[in-house]
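Below is one structure, written out as structure tokens; the observations come after it.
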Amino acid sequence: MKKILLAGLVLTATSISASPFEKPSDAIEYRQSAFTMIAANFGDLAEMVKGRKDWDQDQFSQRATFISQLTLMPEEAFAVEGSDKGDTKAKPEIWSDWDGFTAKLNKFQGDMANLAKVSLEGDERATKRAFGEAAKNCKACHSDYKYR
């Protein structure tokens, strides 16, 4: 009985940790898709913050919440072996400085979670301040870890 339970646990652990990506190009496409959605939503927020688009607190909150969720997606796709090669703008520093990269990604994730929370409170000034912090950290990661 113990052997059967142990075998079941091993199989469960293996299936949980298995990558959902069949090949490195799948991981690259996945993370690029997530970043495309982040950029589209972030751009809309920037347009509101800059006054180029009418301020809409509800829409801002919705988009900030979307981004907050989307920021959780790319990390696992960077961890796929071989995803540092191919059609990608990711710099090799992501993998050579994994701890630094994930620290900045985690900071951005926290910033976006905070922005979503602050924006739901309805204070436009506080929302714009939180947006500025998130934008600053987003740009810092691009500078260090993405080819233009």
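The values are calculated or read from the model by the stated rules, or taken from the named source; none is laboratory data. Predicted model, so just to flag it, every value in this text is computed and none were measured. When we count neighbours, we look across all protein chains shown, and the Cβ atoms used for this are built from the backbone with ideal geometry, even at glycine. Each accessible area value is taken on the protein alone, full model and side chains, heavy atoms only, with ligands, DNA and RNA left out. Shrake-Rupley method; radii C 1.70, N 1.55, O 1.52, S 1.80 Å.
Computed quantities for the displayed model
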| quantity | calculated |
| --- | --- |
| Subset of the range 120-148 (residues that are closer than 12 Å to K107 by Cα and either touching a residue at least 24 places away in the same chain (Cβ under 8 Å) or small (G, A, S) (or both)) | A134, A135, N137, C138, A140, C141 |
| Residue within the range 133-147 that is more than 12 Å from the chain's Cα centre (by Cα), surrounded by fewer than 16 Cβ atoms within 10 Å (Cβ to Cβ), of a type in the set (S, T, Y) and not in a helix (DSSP H, G or I) present | yes |
| Number of the exception - G86 against (1) small (G, A, S); (2) modelled with pLDDT of 95 or more; (3) within 21 Å of Y30 (Cβ to Cβ) | (2) |
| Those helices (runs of 4 or more DSSP H) lying entirely in the range 43-101 with at least 3 residues open to solvent by 30 Å² or more (accessible area, probe 1.4 Å), within 18 Å of G122 (Cβ to Cβ) and in contact with an Asp or Glu (Cβ under 8 Å, 6 or more places away or on another chain) | 57-70 |
| Neighbours by Cβ (under 9 Å, 6+ apart or cross-chain): first from the range 97-111, under 12 Å from E75 (Cβ atoms); second in a helix (DSSP H, G or I) and open to solvent by 70 Å² or more (accessible area, probe 1.4 Å) | F101/E93; F101/W95 |
| Complete set of residues in the range 1-27 that are in contact with a helix residue (DSSP H, G or I) (Cβ under 7 Å, 6 or more places away or on another chain) and at pLDDT 95 or above | A27 |
| The one condition in (1) in a helix (DSSP H, G or I); (2) farther than 17 Å from K89 by Cβ that G122 fails to fulfil | (1) |
